[in-house]
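A.B. asks: Sharing a structure below in structure tokens format, with a few things to ask.
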Amino acid sequence: MTWRFSISQRFFIATVIISCLAVGTVSFFYDREAEAAIVQRSFDQLASVRTLKESNVHDYFRSLEIMLSMLASHPETIHTFARELRLRYDIQDMLILSPNGKILYTHRYPELTGKPVQDSIWNLVQKTALPSDTSNVEFTDVVRFQGEMSSFAVARIAPSFQGGARQYSGSIIVAHISSRALNRIMTERAGTSETGESYIVGEDSLMRTDSRFIAPSTILRLAVQTAPVRMALAERTGLLETEDYRQMPVLSAFAPLTIGKLRWAIITEMDVQEITIPIQATRRRIIVLGLAISLFVAGIAWYGARAVSKPIVLLQGHLSAIAQGNLPDEPLQNKRRDEIGAMTEELNMMTDSLRNATVFAREIGAGRFDAECTPRSPQDTLVIALNDMKHELQRLLADEQSRAMQRTLALVEGEERERTRIARDVHDGIGQTLTALRFNLARVADEHVRSELFDLLDDAIAEVRAISHNLMPSVLIDFGLEAALEQLCSKTAEAAHIPIQRMIAPLATRLDSPREIAVYRITQEALSNALRYAHATAISLRFGMNPEHSALQMEIRDNGVGFDMASIERGNGLSNMRERAALFAGEVSIGTEPGKGTHIVLSIPLSQDQYL
């Protein structure tokens, strides 16, 4: 069937498409231009900050170099220089070492004067290899010293020094520089953004300053092997959009940093996410404005379409009938091929859907949950709601069945507890009384009467013990299910004078008490039925885990008379056996025919939390 678009539909669709295209085009070009401008501005800002940081680092080391050169020329001013350097340059300590490594002066630890300097410092001094006749200052790379990150500046006092401190002639000046000096320069927020960061990386790709985003200190701990670091260490300067050491998208400005013989890389970065905030804000405003314009245009188009489609009101009568719950038995006749014809067809489909939904609701109301009703589309809320209601009713029914099962389990457990109590009372009460009475019978003078009383009393004691055992065998509580089944088969075989072959496989660990009692009672009922009703002369029992070790399994066979399952619905304890198994999601299957014996199989699934 071919459908033609009406004028109202064309007007509505064309208006919406044109408005969406116009808003989308303006938004796209504005978004691209704004993003490019913000990125370029951010790159310029990063380059300026990186240049400023680089200049500050050079100024710091150059100024420190001048100060140490002046000190090498005037070592007698070491006390004044040491205090000033500590305040202005974060110098931890100032030392003067003899050519053979003895401490001639230390500002921080004067008690060490005259003692050999630590090997770690002396090795660093030796590596600088300053000529004896030079006044140059060399800086060491950052190292771990006395639990903190430090670097050292080394200068030599001329051997021919004739000033006021001749004892220092030819000695070595060592300045212990704290890592706080570089950190303070790198962490200054001047010109940086909220996510901006500047840091220095050495030739070994390890940080020489701390990260803003990672605690504790990252100096000589965090390796930064990003593209900006590699290019800066290769003596390249530039700008790059990449990922930083946190795997976060960033804009990066990088350059090599040379301090004497040191070759470092200085990096200034900021998160891409920060620079896109203005773009996203503008984008949201454009989207809101576009949606408002689109909705306005859609409203106008819809109003025009309604005006064109006034004949649709002829269907109002049928819709009113449906709204009142009166579903017509026959569909509306439709011969039109315009909008009214299309709406008539849709109305017939809706009526059919409502009729199917009504039938479906009646089915699930009657409890026939196998009934099906398929939604016509993902937006068919009525049928979807009815299916949800069916599933909810099924869940409630399952919950009710589960609660009923729990109540039954509680009753059974209460019954078993009462059995245990009665068995204990019979054994500890009546049993002990009869035993005491037996000891007192020794006082009866007549030997013949005494002998008869002893026989009667022994029979009574044996009967009390049998009653106590049948109520709750102590071996089940004390030694577990396997021992209880073995004793049950042994006593039953002895009492009935028939052979009972058993194969009882030991379990890896004991079951929880309710399952042990349930398996024991089912076995007790099956053996009792085999003797009382089937008149069996031979019984076999197999007990253990199934091959998959996922369920407990027991098989009982007898050669009794059997019976017709179709003619027996309840009786002989069969329903009791099934109910006990069902309490633990188990099942009891019975195979029998008249004259061919009976085969009973018990299976109870197990999981780890069902063991003791």
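A.B. asks: Can you tell me which of (1) in a helix (DSSP H, G or I); (2) open to solvent by less than 50 Å² (accessible area, probe 1.4 Å) is the one ALA536 doesn't meet?
C.D. replies: (1) is the only condition that ALA536 fails.
A.B. asks: Can we say GLU494 is in a helix (DSSP H, G or I), acidic (Asp, Glu), under 16 Å from GLN553 (Cα atoms) and modelled with pLDDT under 90?
C.D. replies: So GLU494 fails the test.
A.B. asks: Counting just the residues of the range 45-87 that are of a type in the set (Val, Ile, Thr), within 30 Å of HIS107 (Cβ to Cβ) and open to solvent by less than 70 Å² (accessible area, probe 1.4 Å), which one comes out farthest from the chain's Cα centre (by Cα)?
C.D. replies: Checking each candidate, the answer is THR77.
A.B. asks: Could you tell me how many of the residues in the range 275-300 are farther than 21 Å from THR195 by Cα and in contact with an Asp or Glu (Cβ under 8 Å, 6 or more places away or on another chain)?
C.D. replies: Result for the range 275-300: 2.
A.B. asks: Here's another thing I want to ask about it. Go through the range 9-44 and report how many residues are closer than 24 Å to ARG285 by Cβ and open to solvent by less than 80 Å² (accessible area, probe 1.4 Å).
C.D. replies: 17
A.B. asks: Taking only the range 517-527 into account, find how many residues are closer than 20 Å to SER607 by Cβ and open to solvent by 10 Å² or more (accessible area, probe 1.4 Å).
C.D. replies: Qualifying residue count, the range 517-527: 1.
A.B. asks: Follow-up. Against the conditions (1) at pLDDT below 80; (2) crowded, with 16+ Cβ neighbours inside 10 Å, where does ARG570 fall short? Just the number, please.
C.D. replies: Among (1) at pLDDT below 80; (2) crowded, with 16+ Cβ neighbours inside 10 Å, the lone unmet condition for ARG570 is (2).
A.B. asks: Related question: Looking at the range 550-579 only, could you name the residues that are closer than 19 Å to GLU482 by Cβ and touching a Lys or Arg at 6+ places or on another chain (Cβ under 6 Å)?
C.D. replies: Matches in the range 550-579: GLU555 only.
A.B. asks: Do we have any residue at all in the range 264-280 that's over 17 Å from LEU46 (Cβ atoms) and modelled with pLDDT of 90 or more?
C.D. replies: Yes.
A.B. asks: Kindly indicate which of ILE91, ILE78 is of a type in the set (Val, Ile, Thr), touching a residue at least 40 places away in the same chain (Cβ under 8 Å) and within 15 Å of SER171 (Cβ to Cβ).
C.D. replies: Result of the check over ILE91, ILE78: ILE78.
A.B. asks: How about the range 584-602: which of its residues are assigned to a loop (DSSP other than H, G, I, E, B) and either open to solvent by 20 Å² or more (accessible area, probe 1.4 Å) or within 16 Å of SER550 (Cα to Cα) (or both)?
C.D. replies: First pass over the range 584-602, keeping only residues assigned to a loop (DSSP other than H, G, I, E, B): 584-586, 593-597.
Hits for the range 584-602 are PHE584, ALA585, GLY586, GLU593, PRO594, GLY595, LYS596.
A.B. asks: Evaluate the following for ASP564: is it touching a helix residue (DSSP H, G or I) at 6+ places or on another chain (Cβ under 7 Å) and of a type in the set (Asp, Glu)?
C.D. replies: Answer is no for this residue.
A.B. asks: Please go through (1) open to solvent by 50 Å² or more (accessible area, probe 1.4 Å); (2) of a type in the set (D, E, K, R); (3) modelled with pLDDT under 85 for ARG156 and return the number of the only condition it doesn't satisfy.
C.D. replies: Of (1) open to solvent by 50 Å² or more (accessible area, probe 1.4 Å); (2) of a type in the set (D, E, K, R); (3) modelled with pLDDT under 85, only one is false for ARG156: (1).
A.B. asks: Here's something else I'd like to know. Of all residues in the range 233-281, which are open to solvent by 20 Å² or more (accessible area, probe 1.4 Å) and either under 16 Å from ALA37 (Cα atoms) or part of a helix (DSSP H, G or I) (or both)?
C.D. replies: Across the range 233-281, the qualifying residues are LEU233, LEU239, LEU240, GLU241, VAL272, GLN273, GLU274, THR276, ILE277, PRO278, GLN280, ALA281.
The values are calculated or read from the model by the stated rules, or taken from the named source; none is laboratory data. Keep in mind that what you see is a predicted model, and the values were worked out from it rather than measured. Don't worry about glycine lacking a Cβ; one is built from the backbone with ideal geometry, like all the others, and counts go over all protein chains shown. The accessibility values were calculated without ligands, DNA or RNA, using every heavy atom of the protein model including side chains. Shrake-Rupley method; radii C 1.70, N 1.55, O 1.52, S 1.80 Å.
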